[in-house]
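Novice: Quick one: the structure is below, questions incoming.
Quick note: the coordinates plus some simple rules give every number you see, no bench work behind them. None of these values were measured; they are calculated from a predicted model.
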Amino acid sequence: MKKRTYTMLGIASVIVVGAVVALTVFTDFGGPSTKSSSEKNQETTQSTVVPSKSTPQSSDTAEETNNLEDMLEQMTTEEKVGQLFLARVPESNAVADIQQYHLGGYLLFGRDVESATLEEEQALVNSFQEASQVPMLIAADEEGGTVTRVSNNQNLVAAPFQSPQALYAQGGWDAITTDTKEKAATLKNLGISAGLFPIADVATDPNAFIYDRTIGQDAQGTAQYVTTVVKALKEAGSGSTLKHFPGYGNNQDSHTEIVTDTRSLEELENNDLIPFKAGIEAGVDSILVSHNIVNAIDPSLPASISQPVHELLREELGFDGVVMTDDMDMAGLANFISQEEAGLKALQAGNDLILSSTYASQIPYVLQALEEGTYSEEDLDASVLRVLSWKEELGLLAE
């Protein structure tokens, strides 16, 4: 495939300063239906939950869609599959792997930024973009507080970004808005398009694993937080990601064990799903699905590889943006199913992006499934179009 005539969004010339010292950094990228993903997408466009998803296209939007479809038609199957992987930057062969596997994006962790200067980090990101046929989605977990990949490096930001709770205590929603825009500017200055936040989990128990990363308020307060952050990110041109669908609750840490959520569907609907609905209505770009087994929706599989969980998100909540898994290496999934099978299972369930370190073995497994017909070209194309659309919205495919 010939090199695309699209260019990466230019890197800004200023760096913005965050505040206060970070705490411990976590390793987090932060009944089945017989319907195909393409059928589900058609139904989703008719949803009344989010009218903006089903309104008629403007001529500009229609032209953009046609351009992306033309772009899709030029891709080989291997190039399409590669677009569905937001890979953790490998310790070696990072540039070569972009070219070999046609990766859709890279996720930066602490080791990828910890001692770099501004110029070195910009050069690293540029090297990834220059190696890619299609501009990559570059992301890094930058929630603030306990999860701060970029701002932990004082060469890049004077002090780590504060947690949502600390910010709210200092200045309410105005402080949240200001901080979000500062994060977006800092990330954009480095060529990073998405900070994989805000946290949409409702947690009011200080002893809960997820509590310190949340706004620490009830469902309505969390919904207001999510709405505030999503709108600020959209205004700043930075990607937004709600996590961890369908809501973590006060459960244990799925980084270290298989977690089962025993709450009723009524509890989820009246509490945990409220912030996700608010985020969708605010125009969130993407939603990250947890590895928790949610008994009320699907007692047999972790949410990230569960078709019923994704049907709830697509059909009931009306979300038609990019859906991604949590980190595939987390014990909540890795102790449940093999990595190769999990990558394919996640796509079959309805995900568009796989957050993975084992893409080298997962991608061939997906390609084999396409040949055998257990994963359809139609579903593949639908996911690739959503990923490309997100890149288009972020300005990564600007001509």
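Novice: In Å and from the alpha-carbon atoms only, list the Rg and Dmax of segment 69-211.
Specialist: Radius of gyration, then largest Cα-Cα span, for segment 69-211: 17.2, 51 Å.
Novice: By how many nm would the segment from THR117 to ASN270 lengthen if fully extended, with 0.36 nm per residue of separation less the alpha-carbon distance?
Specialist: That works out to 50.5 nm of additional length.
Novice: Let me ask something additional. Counting only residues 5 or more places away or on other chains, whose amide H sits under 5 Å from the amide H of HIS244 once H atoms are built in the peptide plane?
Specialist: The list, which skips near neighbours in sequence, is ALA200, ASP201.
Novice: Give me the mean projected area, in nm² to one decimal, of the convex hull enclosing the Cα positions of segment 278-399. Display every interim value, and only then the final one.
Specialist: On the way: hull surface 33.4 nm².
Over all viewing directions, segment 278-399 projects a mean Cα-hull area of 8.3 nm².
Novice: Give the percent of DSSP beta bridges with both residues in segment 37-393 that are antiparallel, rounded to the nearest 5.
Specialist: Restricted to segment 37-393, the bridges split so that about 10 percent are antiparallel.
Novice: On to the next question. Mean separation of Cα pairs under 8 Å and 6+ residues apart, divided by the residue count of segment 129-180: what relative contact order is that in percent? If you can, show how the numbers build up before the last one.
Specialist: On the way: 47 pairs, mean separation 11.2, N = 52.
Relative contact order comes out at 22 percent.
Novice: Check THR148: other-chain or 5+ apart residues with amide H under 5 Å from its amide H, H built from backbone geometry?
Specialist: Under 5 Å from the amide H of THR148: PHE26.
Novice: Multiplying the sequence separation of ALA169 and THR262 by 0.36 nm and subtracting their Cα-Cα distance, what value in nm do you get? Spell out each step's value before the answer.
Specialist: Working: separation 93, 0.36 × 93 = 33.48 nm, distance 3.20 nm.
Computed gain between ALA169 and THR262 is 30.3 nm.
Novice: Does segment 168-278 come out rounded, prolate or oblate by the C-alpha gyration tensor, with a ≥ b ≥ c the root eigenvalues, rounded set by a/c under 1.5 and, if not, prolate when a/b is larger than b/c and oblate if not?
Specialist: Cα axes put segment 168-278 in the prolate bin.
Novice: Turning to a different aspect of this structure: What are the principal axis extents of the Cα atoms in segment 37-393, in Å, biggest first?
Specialist: Taking the Cα atoms of segment 37-393, the three principal extents are 53, 50, 47 Å.
Novice: Let me ask you something else. Taking the Cα centroid of segment 146-168 and of segment 327-399, what is the distance between the two, rounded to the nearest whole Å?
Specialist: What the calculation gives is 30 Å, centre to centre.
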